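Written out below as structure tokens is the structure these notes cover.
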Amino acid sequence: MSKLKIAVLISGNGSNLQTIIDKIEEGYINAEISVVVSNKENAYGLTRACERKIKTEIVDKKTYPMKKDRNKKLMQVLGEANVELVVLAGFLEIIADEIIEKYENKIINIHPSIIPSFSGKGYYGEKVHRKVIKSGVKVTGATVHFVNKETDGGPIIMQKAISVNFDDDTRSIQKKVLNIEHEILPLAVKLISEGKIEVVGNRVKVK
């Protein structure tokens, strides 16, 4: 079976990227990362990619101030890399509609909550965990989903929950959620690479 060609889009540390790299090297995922794209030139995830000799691209506001120009460049990068799956691993920029249309059900995102709770416009990064603590919920978690034109509204591939304890704070919740992100994101990529994911309407069937 040929390897699935992946683009991983990042904005920061790239720990989810590292997990995917590790799982590919272990043979757990039948894929190759064709390119890593960051919208931040100082993102540590770029260093992680360079250490593995993975091609990198920076598509940032400094080089491309206009959103339409960043979209055009990103579309070009994905096309030149012959990407079959786009993985958003902490990418803090909204994906343009034209890219979503071209890569329908071929873009996945990891979100740090159990969607539809604590999701949608404005819910990203530590903001999610602060809302979790403030709300008093007893459970949170992470979700891998396909990306569509509704923020955090695409078909859900998988979710996993963790308990929120009374003495938890934003940092401890973030750490626990990140641990399960490192588990379910590579699993989702693995299932997609094996052709075991089918989208039916707004639901996902795992074969």
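Every number here is computed from the coordinates shown, using simple stated rules; none is lab data. Note that the structure is a prediction, hence the values are computed from the model and not measured. Cβ: placed from backbone, ideal geometry, glycine included. Neighbour counts: every protein chain shown.
Annotations for the structure displayed:
- Along region 58-75 the Karplus relation, 6.51 cos²θ - 1.76 cosθ + 1.60 evaluated at θ = phi - 60°, assigns HN-Hα couplings of 10, 10, 10, 5, 5, 7, 10, x, 8, 4, 5, 6, 5, 4, 4, 5, 4, 4 Hz to successive residues, with x for each Gly and Pro.
- Loop-located trypsin sites (Lys or Arg not before Pro) in region 19-69, at most 16 other Cβ atoms within 10 Å (DSSP): 52, 53, 55, 61, 62
- Net charge contributed by nearby residues that have their C-beta within less than 14 Å of residue 189 (K/R +1, D/E -1): -2
- The residue 126 and residue 150 beta-carbon pair, evaluated with R₀ = 30 Å, returns a calculated FRET efficiency of approximately 0.85.
- Dipole magnitude of region 112-152 about its Cα centre (Cβ charges: Lys, Arg +1; Asp, Glu -1), debye to nearest 20: 180 debye
- From phi via Karplus (6.51, -1.76, 1.60), per-residue ³J(HN,Hα) for region 45-52 in Hz, x at Gly/Pro: x, 5, 5, 4, 5, 4, 4, 9
- For the chain, a Gaussian network of Cα nodes joined below 10 Å ranks 137, 77, 189 by mean-square fluctuation, and the top entry is 137.
- Taking the charge dipole of the chain about its Cα centre, with +1 at Lys and Arg Cβ atoms and -1 at Asp and Glu Cβ atoms, the residue from 43, 119, 192 reaching farthest to the positive side is 119.
- Square roots of 5 times each gyration tensor eigenvalue, C-alpha, region 17-81, largest first, Å: 25, 13, 8
- Cross-link pairs beyond the 32 Å C-alpha cut-off, checked among 5/138; 68/138; 121/175; 134/196: 5/138; 68/138; 134/196
- Selected from 106, 176, 127 as most flexible by GNM, with the chain as the system and alpha-carbon contacts under 10 Å: 127
- Calculated [θ] (222 nm, deg cm²/dmol) that DSSP helices of n ≥ 4 give over the chain, each run adding -39,500 (n - 2.57): -11000 deg cm²/dmol
- Here the chain is treated with +1 on each Lys and Arg Cβ and -1 on each Asp and Glu Cβ, and its dipole about the Cα centre works out to around 280 debye.
- Relative counts (whole %) of C-alpha pair distances in region 28-122, using bins that are 5 Å wide: 2, 11, 21, 25, 21, 13, 6, 1
- Sites listed here are GluC sites (Glu not before Pro) in region 99-148 whose DSSP assignment is loop and whose Cβ has at most 16 other Cβ atoms within 10 Å: 104.
- Placing +1 on the Cβ of every Lys and Arg and -1 on the Cβ of every Asp and Glu, with no other charges, gives region 119-207 a dipole of roughly 160 debye about its Cα centre.
- All aspartates and glutamates inside 16 Å of residue 207 as judged from Cα atoms, apart from same-chain residues fewer than 8 positions distant: 194, 198
- Restricting the calculation to alpha carbons of region 111-207 gives Rg and Dmax of 13.8, 42 angstrom.
- Across the chain, the mean sequence separation of Cα contacts (distance under 8 Å, 6 or more residues apart), normalised by length, yields a relative contact order of 19 percent.
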